[in-house]
1. Scan the stretch 397-427 residue by residue and report those that are modelled with pLDDT under 85, surrounded by 10 or more Cβ atoms within 10 Å (Cβ to Cβ) and among the charged types (D, E, K, R).
2. Return the total of residues in the stretch 564-594 being under 27 Å from Ile266 (Cα atoms) and in a helix (DSSP H, G or I).
3. For Val274, state whether it is of a type in the set (A, V, I, L, M, F, W, C), under 21 Å from the mean Cα position of the chain (by Cα) and buried (at least 24 other Cβ atoms within 10 Å of the Cβ).
4. Regarding the stretch 558-566, can at least one residue be identified that is in contact with a helix residue (DSSP H, G or I) (Cβ under 9 Å, 6 or more places away or on another chain), free of Cβ contacts under 8 Å to residues at least 24 places away in the same chain and among the small types (Gly, Ala, Ser)?
5. Can you tell me how many residues in the stretch 116-147 are crowded, with 18+ Cβ neighbours inside 10 Å, over 32 Å from the mean Cα position of the chain (by Cα) and in contact (Cβ under 8 Å) with a residue 40 or more places away in the chain?
6. Is it true that some residue in the stretch 148-156 is basic (Lys, Arg), closer than 23 Å to Ala598 by Cα and surrounded by 15 or more Cβ atoms within 10 Å (Cβ to Cβ)?
7. Here is a list of conditions, (1) in contact (Cβ under 8 Å) with a residue 60 or more places away in the chain; (2) farther than 20 Å from Arg576 by Cβ, and Lys291 meets all of them except one; can you say which number that is?
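The values are calculated or read from the model by the stated rules, or taken from the named source; none is laboratory data. Please read all numbers here as calculations on a predicted model, not as lab measurements. When we count neighbours, we look across all protein chains shown, and the Cβ atoms used for this are built from the backbone with ideal geometry, even at glycine.
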Amino acid sequence: MSISASDASTTSSRPKPYVFEIAWEVANKVGGIYTVIKTKAAITSKELGENFCLMGPYNTGSARTEVEFVQPEAGVFRRTLDAMRAQGAVVHYGRWLIDGYPKVLMFDIAASAHRLAEWKADLWETTRIGTPADDRETNDAVLFGYLVSWFLGEFRNQLDESATVLAHFHEWLVGVALVLLRVRQIRVATVFTTHATLLGRYLCAGNVDFYNNLSKFDVDAEAGQRGIYHRYCIERAAAHSAHVFTTVSQITGDEAEFLLKRRPDIILPNGLNVVKFSALHEFQNLHAQHKEKINAFVRGHFYGHYDFDLDNTLYFFIAGRYEYSNKGADVFIESLARLNHRLKAAGSKMTVVAFLIMPAPTNNFNVEALRGQAVTKQLSDSVADIQKAVGKRIFEAALRGTMPDGKLLLSEQDIVQLKRCMFALQNPRLPPVVTHNMVDDGKDPILNHIRRVRLFNDDSDRVKVIFHPEFLSSTNPLIPMDYEDFVRGCHLGVFPSYYEPWGYTPAECTVLGIPSVTSNLSGFGSFVHEHVEDPHSYGLYIVDRRFKSANESIDQLAGIMFDFCQFSRRQRINLRNRCERLSELLDWKRLGLYYKKARVLALKRTYPEVYGMTAHHDDGTDEEDEEVALFKVPRASAPASPRFPVLHLNDEDEDDADALNPEAFQV
């Protein structure tokens, strides 16, 4: 978007606004919003400098490791905090130890719990939103909302009239403060972002035909039946009170229009901080390194049944919150069963090891899983010792001028040691499908589905399944890898979600250069469909879960995975190269401009004398709405560009597909 000289001078003369971003997950890792806030902070700090500040509830455990608490410098922040502290509020000020080193305010809601009844009564009197006494989460949201609105009101009073202030709220948990700001007529520009509507998540968890009945739901009745009417009221009030209402994807925007009764003003896609390598082979080398770590785990897990070739083995995975249907775990497992049948019928030598990384209640690690790693390590250590001894014997023989006798290289002790290790590797039981002992094994949906389709890791199966009900970390005794390293080592991420407002997991795969499957019911899937021409040739596959039956969607996914199994190693390398080149499309340096646009809209509507009056057109649209319509991310590949599908390359092709026409694949 070009800016004229006059526009530039006008913009530079405007005061830089104070911008506060409020979320429950500021320096407090709970879910995907933590990733949004944390990764975006660097570009926002660069744009706004010391005028940018994050707000969240004080959590002792996470704050100790994520925040450096300091005293604010003399100025408006110190005056505001002193005023609040004088009246008994406990507010911590510091710097979040992430890129950008942003200011952070953390409110101790426990210290104000004695005022809960007073504030809940006031909320009812001013907004007619009632909250039950036994809802701990809502009580915390009310306490936090009153503390935040108190701070922002005091902060606004400490400034002169020419200063501008904006507050950006994420999700219903922080929505109380936004509603209070508007009810009290505190002159602060407000933006509200819903990352997933509360009612939508509950409805999808209830296995309803959500998208085909979106316009037919009686939202008040549905929220009441599920015991969340008070929460729904907070979310809806925040959406309608905000100067600018936003969602993270077009599909969530459709959902909000029917469930919250307001169409979003602008879509704010989620991004990531993209680190580009100077040479393509660098990230390919990382794939090979991390794949070898997964290989080491697989060798141990399948001890006694390790009869497949790791050079002809592919690693597929699904990861995320344990939402069996919403995240598409049901479709994934069913598709794996059909893939297993197809690979057997085709006589394929390819083996697929499918990981399901979804945290669930467990007691401890499965003894068999630990035993497999132990006996494999014992064999590895024994072989290393024998190799060292054999090397010494060869050296001594050669030094004496004699050719080593092969029969004498291995001593009887070495042979006995090897035999002991090999006997320990015998395992009459099939490799476990789960790495932990589940709290309620018989009622676990994933395990019951695996049993139903009989994917028991039999020797004849071409698809092996491993359910790991715990988030990955480098301290894990079974798979000692951080999640990002694990993703780099895999070949395909599979996320056929039914309800996924955005979908960070396939986005992370793209940034790391790993092909992935998403669905047209996920925000990421609709974003890719809109901005990428021919996405499957870039390793981005979209399963149709909106206009096809469940059976057809499962068949489509099984077909995608089967076709992927037919690729040669060179084809997979080329596909990863092209996938990684789309990472710029998801960079916050590009997508952060949407947030900037949302802030400008809110400031215009709150401070028209500073940021210019909004022109209204005869068709009912506003000037800023027109600007938003013109603000689009360029398509990753122009429709007119010739396409060269990596999928059809042969082993003999020496050149990467991109070399045919490098300009066709510029992001």
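1. Matches in the stretch 397-427: Asp414 only.
2. The initial filter retains those residues of the stretch 564-594 that are under 27 Å from Ile266 (Cα atoms), namely 581-594.
Within this subset, residues satisfying the condition of being in a helix (DSSP H, G or I) are 581-586, 588-594.
Within the stretch 564-594, residues that are under 27 Å from Ile266 (Cα atoms) and in a helix (DSSP H, G or I) number 13.
3. Values: of a type in the set (A, V, I, L, M, F, W, C): yes; under 21 Å from the mean Cα position of the chain (by Cα): yes; buried (at least 24 other Cβ atoms within 10 Å of the Cβ): no.
Judged against the criteria, Val274 is not a match.
4. Taking every residue of the stretch 558-566 in turn, at least one turns out to be in contact with a helix residue (DSSP H, G or I) (Cβ under 9 Å, 6 or more places away or on another chain), free of Cβ contacts under 8 Å to residues at least 24 places away in the same chain and among the small types (Gly, Ala, Ser).
5. Qualifying residue count for the region: 2.
6. Initial filter on the stretch 148-156 (basic (Lys, Arg)): 156.
If we keep only those that are closer than 23 Å to Ala598 by Cα too, we end up with 156.
Subset that is surrounded by 15 or more Cβ atoms within 10 Å (Cβ to Cβ): 156.
Checked against the condition, which is being basic (Lys, Arg), closer than 23 Å to Ala598 by Cα and surrounded by 15 or more Cβ atoms within 10 Å (Cβ to Cβ), the stretch 148-156 yields at least one hit.
7. (2)
Here is a yes/no grid of residues against (1) at pLDDT below 95; (2) of a type outside the set (Val, Ile, Thr); (3) surrounded by fewer than 20 Cβ atoms within 10 Å (Cβ to Cβ); (4) under 22 Å from Asp140 (Cβ atoms):
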residue: Tyr34; (1), (2), (3), (4): yes, yes, yes, yes
residue: Phe52; (1), (2), (3), (4): no, yes, no, no
residue: Gly56; (1), (2), (3), (4): no, yes, no, yes
residue: Thr60; (1), (2), (3), (4): yes, no, yes, yes
residue: Pro72; (1), (2), (3), (4): yes, yes, yes, no
residue: Gly75; (1), (2), (3), (4): yes, yes, yes, no
residue: Arg85; (1), (2), (3), (4): no, yes, yes, yes
residue: Ala89; (1), (2), (3), (4): no, yes, yes, yes
